[in-house]
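Chemist: I have a structure here, written as structure tokens, and I will follow up with some questions on it.
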Amino acid sequence: MEHRVWSESIASALLRKHGLRVTSPRVAISMTLLEQHCHYTAQQLHAKLVPLQPALSPNTVYLTLNQLAAVGVITRFKLSGNTIFDSNTTTHDHALCRECGRLEDLQSEALDTPTSPASIKEWVLEGGTRIWSGFCPTCNESENKTA
Ligand SMILES: [Zn+2]
Ligand SMILES: [Zn+2]
């Protein structure tokens with residue numbers, strides 16, 4: 001997994017570059033998302049950050065994530081009714097564990113580039129990701145142990 005070193009100054013510069021005011025919640029959210037490729041719902045990210053920033057409201061997290069997605073710093077997609085925010089903005093598929101919900105990037109080298117299906121031509125598509133579901137190694141192993 002790609003790991004980038006992010007500092008507050010890099011996060012601040014990124015926000016400014018995209019015309020977003022630099023606030024401490026925005027810096028914290030950007031740093032968490034961009035340190036390494038990850039997926040969060042607004043609720044998950046709020047739960048992660050609130051011990052560090054007790055004043056942070058779920059609504060601020062939600063609005064900030066949508067602002068970052070609107071300027072293209074992150075992407076978003078829907079999964080089982082939840083909006084997933086993804087800091088990997090390259091084209092890629094996903095593997096989803098239906099036991100524990102683990103969601104992982106599948107880099108697209110080995111996969112053909114998804115093209116929008118011809119059968120939905122009346123839709124306005126914002127982008128797409130394919131989700132491959134099954135069991136992650138951890139769940140697969142514990143399944144085998146109990147069986
Ligand atoms: Zn799992
Ligand atoms: Zn992803």
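Chemist: Among the residues of segment 89-100, are any touching a helix residue (DSSP H, G or I) at 6+ places or on another chain (Cβ under 6 Å), surrounded by 18 or more Cβ atoms within 10 Å (Cβ to Cβ), under 30 Å from R16 (Cβ atoms) and at pLDDT 95 or above?
Modeler: There is no residue in segment 89-100 that is touching a helix residue (DSSP H, G or I) at 6+ places or on another chain (Cβ under 6 Å), surrounded by 18 or more Cβ atoms within 10 Å (Cβ to Cβ), under 30 Å from R16 (Cβ atoms) and at pLDDT 95 or above.
Chemist: Within the group L79, L56, which residue is within 16 Å of ligand 1 (Cβ to nearest atom) and aliphatic (A, V, I, L, M)?
Modeler: Selected residue: L79, the only one of L79, L56 that is within 16 Å of ligand 1 (Cβ to nearest atom) and aliphatic (A, V, I, L, M).
Chemist: Moving to a separate point now. Right, G81: out of contact with any strand residue (DSSP E or B) (no Cβ under 8 Å at 6 or more places or on another chain) and within 30 Å of E143 (Cβ to Cβ) or not?
Modeler: So G81 fits the description; yes.
Chemist: Follow-up question, since we're still on this one. Would you tally the residues in segment 4-54 being surrounded by 13 or more Cβ atoms within 10 Å (Cβ to Cβ), hydroxyl-bearing (S, T, Y) and under 28 Å from T91 (Cα atoms)?
Modeler: The total comes to 5.
Chemist: What residue, of S57, S116, S80, S133, is surrounded by fewer than 13 Cβ atoms within 10 Å (Cβ to Cβ) and modelled with pLDDT of 95 or more?
Modeler: That would be S57, the only listed residue that is surrounded by fewer than 13 Cβ atoms within 10 Å (Cβ to Cβ) and modelled with pLDDT of 95 or more.
The values are calculated or read from the model by the stated rules, or taken from the named source; none is laboratory data. The model shown is predicted, which means the values in this text are computed figures rather than measured ones. Positions of Cβ are generated from backbone atoms using ideal geometry, with glycine treated the same way; all protein chains shown enter the neighbour counts.
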